Structure formats: C-alpha cells, structure tokens
1. In segment 130-143, how many residues are open to solvent by 60 Å² or more (accessible area, probe 1.4 Å) and of a type in the set (Asp, Glu)?
2. I'm checking my understanding of the structure. Among residues of segment 59-115 that are open to solvent by 70 Å² or more (accessible area, probe 1.4 Å) and under 18 Å from the mean Cα position of the chain (by Cα), which one is nearest to PHE140 (Cα to Cα)?
3. Could you grab me the full set of residues in segment 58-84 that are among the aliphatic types (A, V, I, L, M) and at pLDDT below 90?
4. Go through (1) crowded, with 16+ Cβ neighbours inside 10 Å; (2) in a helix (DSSP H, G or I); (3) among the polar types (S, T, N, Q) and name the single condition GLN125 misses.
Amino acid sequence: MKRILIILLTALGIVGAGAAAAVFFLDIDLKKVMAQEEKEPTAEELAARSYSMESLTTNLSSDHFAVVQINLLADQEKSYKELEVRNPELKAIVISTLAGLTKEDLKGSEGLKTFEDTIKNEVNQVLDDGKVERVLVTDFKIQ
C-alpha cells in the first residue's frame with residue numbers, strides 16, 4: 001500500500017513539474033489566458049442577443065396607467081430566438097406584473113430596479129433554452 005502511494009505521489013510530482021516547465025519554457029502568460037476566458041462581449045455580440053419589445057400601455061392597480069418599453073439581454077443567440085417566438089408570453093408577463101403594481105411601487109430607481117428584477121425572474125421561468133441576463137427599461141411613463 002505504501003509503495004502505491006509513493007508511486008502515485010511521484011507521478012503527480014512529475015506531471016506538476018512538467019506543467020510548470022511548459023508554462024516557463026513556452027512563455028505562457030496565465031493572466032492573458034484567464035483574461036481571454038472572461039472577455040466582455042463586443043457591442044455587436046450584445047446587439048445580437050438584445051431583444052427589444054414594443055411599447056406597452058396598461059393599467060396599474062391604482063388609478064393610473066403605465067407606458068413601458070423594455071429590452072431583454074439574452075445569454076446567447078439561441079435564447080434571443082426563443083424570446084422572439086415567445087413575444088405574446090413576454091407581453092403577458094409585463095402586463096400582469098404592471099397590473100399588480102401601483103404608481104408608488106414604480107417610483108424612483110429602486111422601484112424600476114424591482115420591476116426589472118421581477119420581469120427577469122418571470123421570463124427566465126418560461127424560457128427553455130438559456131436565460132435573460134438583464135432587463136433594461138428603455139421607455140417609462142406613468143399617467
């Protein structure tokens with residue numbers, strides 16, 4: 001048993017030394033490799049995943065109505081295509097969410113942030129492929 005453990009540790013040491021030698025002799029910059037994996041998407045990539053809904057007007061639970069337009073940023077192009085197909089469901093989610101809110105619920109940046117988070121969570125529940133990473137309110141009026 002002791003012999004197997006020694007062989008295993010020796011093999012592990014050889015593999016580790018080989019990896020270190022490869023990094024050193026091949027002049028691999030690990031910071032660049034890690035940065036490439038975490039690279040931010042370009043504007044074109046974001047545009048390809050960004051789905052803009054048409055402007056919606058609906059009553060709030062108070063005696064007011066809201067006009068809202070939102071943009072959904074999908075995590076991948078496949079999710080974007082699903083958002084296009086599910087447009088009627090997306091409209092229903094936005095309308096039913098707004099119908100349960102008052103003018104006071106939507107007041108200020110905190111109110112809009114809560115609304116965006118609610119829409120994001122509701123939409124992600126109906127998506128089969130991927131998810132929505134971000135919801136942006138691009139037009140908003142309460143009357």
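1. 1
2. Per the stated criteria, the residue is LYS113.
3. Result: ALA74, LEU83.
4. Result: GLN125 fails condition (1) only.
The values are calculated or read from the model by the stated rules, or taken from the named source; none is laboratory data. Quick caveat, the model's predicted, so the values are computed rather than measured. FYI the Cβ positions are ideal-geometry reconstructions off the backbone, even for glycines, and counts take in every protein chain you see. Surface accessibility is based on the protein's heavy atoms, side chains included, excluding ligands, DNA and RNA. Shrake-Rupley method; radii C 1.70, N 1.55, O 1.52, S 1.80 Å.
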